[in-house]
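Notes follow once the structure below has been shown.
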Amino acid sequence: MKDKHRGARGKNLGPRINDQIRISECRLIGDDGTAYGVVTLDKARDIASDLGLDLVEVSPTAKPPVVKVIDFGKFKYDQQKKANEAKKKQAQVSLKEIQFRPNIEAHDLETKLKRAEKFLEQGDKIKMVMQFRGREMAYRDQGMLKFKDILATVEEMGSQIEADPKMMGNRIITIVAPTKKAVSKGSSAKEDSTEADAAHADS
């Protein structure tokens, strides 16, 4: 086994490796996926030593615990890479914008609400804007009431308002964020579409 990793775990960080593993037997898996079955820890150490690799306890709660023969340095690199990719993906939340007019027609409103629902299901936040022009500024109070009605509909789609709508110049603005329910609905719809396409291709 690689001596440089003997004390690599530190204060309970990451899996136990090499001499840190204190069990009598384990279920051993090779770096190439070979299943050695249940072997003694000494036997596992001999196999790892012959291959010049490390023993890593990947499932300590299993009975018996599962140990893999792998290159621990590469293992740590791969784990960190996966964590970074997950973090990057989580951070990629787009901010979309949808504009409304105080006298918006029913058909146009329906179209914009469908777009809002799509954005929410994709996991995107939405900047909701109602813009007033010219004489419409005299009807800001009525516009605010209509804007709140629109927000109520968007909330029912699976969103939460991050801040109360505010009048800024000639626009009312707020931002809504998707709930887990909306994102889950979008994921389910995508899976159903994929399955339907696959079924159509097979027919």
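Structure summary
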| item | result |
| --- | --- |
| Boolean, Val154 is under 30 Å from Ala44 (Cα atoms), surrounded by 12 or more Cβ atoms within 10 Å (Cβ to Cβ) and either in contact with a strand residue (DSSP E or B) (Cβ under 9 Å, 6 or more places away or on another chain) or not assigned by TED's automatic domain parsing to the domain that holds Ile21 (or both) | no |
| Lys2, sole failed condition from (1) within 28 Å of the chain's Cα centre (by Cα); (2) farther than 30 Å from Gly143 by Cα; (3) modelled with pLDDT under 95 | (1) |
| Filtered residue count, the stretch 12-45, keeping only those that are more than 14 Å from Pro65 (Cα to Cα) and within 29 Å of the chain's Cα centre (by Cα) | 5 |
| From Leu13, Leu51, residue being closer than 22 Å to Lys76 by Cβ, at pLDDT below 95, out of contact with any strand residue (DSSP E or B) (no Cβ under 8 Å at 6 or more places or on another chain) and of a type outside the set (D, E, K, R) | Leu13 |
| Leading residue by the ranking (farthest from Pro15 (Cα to Cα)) among those in the stretch 77-136 that are under 24 Å from the mean Cα position of the chain (by Cα) and of a type in the set (Val, Ile, Thr) | Ile126 |
| Among residues of the stretch 133-158, those that are among the hydroxyl-bearing types (Ser, Thr, Tyr) and closer than 30 Å to Lys180 by Cβ, counted | 1 |
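Here is a yes/no grid of residues against (1) touching a Lys or Arg at 6+ places or on another chain (Cβ under 6 Å); (2) modelled with pLDDT of 95 or more; (3) surrounded by 10 or more Cβ atoms within 10 Å (Cβ to Cβ):
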| site | (1), (2), (3) |
| --- | --- |
| Gln80 | no, no, yes |
| Lys112 | no, yes, yes |
| Asp124 | yes, no, yes |
| Val129 | yes, yes, yes |
| Arg135 | no, no, no |
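The values are calculated or read from the model by the stated rules, or taken from the named source; none is laboratory data. What you see is a predicted model, and the numbers here were worked out from it, not measured in a lab. Cβ atoms come from the backbone with ideal geometry, glycine included; neighbour counts cover every protein chain shown.
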